[in-house]
Amino acid sequence: MEVRIVDPSDMDGFVAVMEHAFGFDLKEENRKHFISEFELDRLVGAFDGDELVGTGGAFTFDLT
């Protein structure tokens with residue numbers, strides 16, 4: 001098992017694992033927007049060989 005920062009080529013798998021874990025299914029147009037909101041340098045993936053099996057990250061939010 002290797003945990004590392006994800007890169008843009010990992011994002012489809014990253015979102016697929018999140019969808020499965022959190023029980024949602026994004027439509028394609030929503031998936032692109034969802035991915036564009038991520039800060040890639042704050043996301044990690046757990047890889048079993050070449051397969052992405054877990055995700056984690058820190059997400060920036062504005063508080064008012």
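So what's the angle, to the nearest 10 degrees on a 0 to 90 scale, between helix 11-22 and the longest Cα principal axis of the chain? Orientation of helix 11-22: about 80 degrees from the principal axis. Normalised by 2.2 N^0.38 Å, with N the number of residues, the alpha-carbon radius of gyration of the stretch 2-57 equals 1.05. Distances between placed amide hydrogens fall under 5 Å for Thr55 paired with Ala46, all partners being 5 or more residues away or on another chain.
Distances between placed amide hydrogens fall under 5 Å for Val6 paired with Leu43, Val44, Gly45, all partners being 5 or more residues away or on another chain. Across the stretch 27-35, computed HN-Hα scalar couplings (Karplus, 6.51 cos²θ - 1.76 cosθ + 1.60, θ = phi - 60°) run 6, 4, 5, 6, 4, 4, 5, 4, 5 Hz from first to last residue, x flagging Gly and Pro. Loop sites here are chymotrypsin sites (Phe, Trp or Tyr not before Pro) outside DSSP states H, G, I, E and B with no more than 12 other Cβ atoms within 10 Å. The longest part of the chain free of them is 25-58.
Summing charges over neighbours of Ala46, with a neighbour being any other residue whose Cβ is under 13 Å away from its Cβ, gives -4 when K and R count +1 and D and E count -1. For the chain, the 222 nm mean residue ellipticity estimated from helices alone, with every DSSP H stretch of n ≥ 4 adding -39500 (n - 2.57) and the total spread over all residues, rounds to -10000 deg cm²/dmol. Along the chain, the exposed loop sites are GluC sites (Glu not before Pro) outside DSSP states H, G, I, E and B with at most 12 other Cβ atoms within 10 Å, and the longest stretch free of them is 1-36.
Read-outs throughout are calculated quantities, based only on the coordinates presented, and are distinct from any laboratory measurement. What you see is a predicted model; the values in this text were computed from it and never measured. Ideal geometry is used to build each Cβ from the backbone, glycine not excepted, and the neighbour counts take in all protein chains shown.
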